[in-house]
Amino acid sequence: MHYKEASFYVDPVTLDSLTLSEAVSDGDEVISGVLVSASGHRFEIANGVPNLVYPFELPPADRESLQQTEARVDGYDRYLPLTFSTYGEDEQLVRNAMIDKLNLRPESVVLETGAGTGRDSEIIAQRLGTQGKLYVQDLSPSFLARNVERMRSNAVRTEPALANGYYLPFPDNSFDACYHFGGINAFADIRRAFSEMARVTKPGGKVVVGDESMPPWLRDTEFSRVLINSNPEFAYPLPLEKLPVQARKTRVEWIIGGVFFVIDFVVGEGEPKADFDFPIPGVRGGSHRTRYFGKLEGVTPEGKRLAYAARAKTGKSMHQWLDDVVRQAALRDLGSNE
């Protein structure tokens, strides 16, 4: 890793800044050392790659997924093209179409989580110029090592790290775009993963995520049953309910034979904004805000009938009639002259 990148990383638990110590370097490259936070958390650097994985003891689901991943690293690149050829798809066209959704510029700073052996990393790097930068992360040491080797001759600055996709070691608003394809279904906390991607992406930036998921309209078909029998991950539901509140202009597309989803969204700030205070025309009247925050206890059916009859006689909206009546009665009972 480069010296100045050490100050960019933060403690993935507390988000405190990290201090580089015990560093061994080769020029501006840190070969080994330790990144330490104020909380005392220590993250080792080995062969130029920081290990920023948290939790320090992974949950069972993550441990099992990591074991399975490590076991198949040797055959991964050899057999992965079958995923595309099974459905008559061109792998490069599909991957490029997904990366198009990131809206990258030559100077973009991009995070790829679950980067694997780098099949998408090299395409992302091709979209960046000399001012751009790509951070690649994976939970698997073996897969990340293949990624580092693949990206070694790439001209774009690439910074690899071992990290958990739902505890990202970066400050808020660090990236122009965030990308993850494959494996998110196996995360122990998918909701937190989406939240973290939105947290580290600048407002207005893009998040693009994809994985297996049989669409609802195909679930009760032989096509579906055959695929799920071979790969149970096709039965995983589409994780729309796990998206963060910051998701804007959200789109869902099924690709690769219609059995992989791609979700992309623009990162916003907090909950969406809307005008809840404009007067709503019509008999009911009021505003969205008064209709929600101005609720009172119910009345008898006869009281409701009389209220509607009186409102109609005055020509006011029900909101205005009720507001006037309640105010008058309250002031009378309180003995106020306001």
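Tabulated results
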item: Index of the failed condition, GLU149 passing every other in (1) over 24 Å from ILE45 (Cβ atoms); (2) part of a helix (DSSP H, G or I); result: (1)
item: Close pairs (6 angstrom Cβ cut-off, 6 or more residues apart or separate chains): over 26 Å from PHE265 (Cβ atoms) in the range 222-241, surrounded by 11 or more Cβ atoms within 10 Å (Cβ to Cβ) anywhere; result: SER224/MET214; SER224/LEU218; LEU227/PHE234; ILE228/PHE234; ILE228/ALA235
item: Looking only at the range 30-71, and only at residues there that are charged (D, E, K, R) and not assigned by TED's automatic domain parsing to the domain that holds SER142, the one that is nearest to ASN147 (Cα to Cα); result: GLU44
item: Search result, residues across the range 29-78 that are surrounded by 15 or more Cβ atoms within 10 Å (Cβ to Cβ), within 25 Å of the chain's Cα centre (by Cα) and in a loop (DSSP other than H, G, I, E, B); result: LEU52, VAL53, TYR54, LEU58
item: Complete set of residues in the range 162-210 that are closer than 21 Å to PRO232 by Cα and either part of a loop (DSSP other than H, G, I, E, B) or modelled with pLDDT of 95 or more (or both); result: HIS180, PHE181, GLY182, GLY183, PHE187, ALA188, ASP189, ILE190, ARG191, VAL209, GLY210
item: Criterion: outside any strand (DSSP E or B), free of Cβ contacts under 8 Å to residues at least 40 places away in the same chain, surrounded by 11 or more Cβ atoms within 10 Å (Cβ to Cβ) and out of contact with any helix residue (DSSP H, G or I) (no Cβ under 7 Å at 6 or more places or on another chain) - qualifying residue of ARG248, ARG291; result: ARG291
item: Breaking point among (1) out of contact with any Gly (no Cβ under 7 Å at 6 or more places or on another chain); (2) assigned to a loop (DSSP other than H, G, I, E, B); (3) at positive phi, for GLY114; result: (1)
item: Qualifying residue in the range 235-249 (condition: more than 18 Å from SER195 (Cβ to Cβ) and among the acidic types (Asp, Glu)); result: no
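The values are calculated or read from the model by the stated rules, or taken from the named source; none is laboratory data. In this text, all values refer to a predicted model and were calculated from it rather than measured experimentally. Virtual Cβ from ideal backbone geometry, glycine too; neighbours counted across all protein chains shown.
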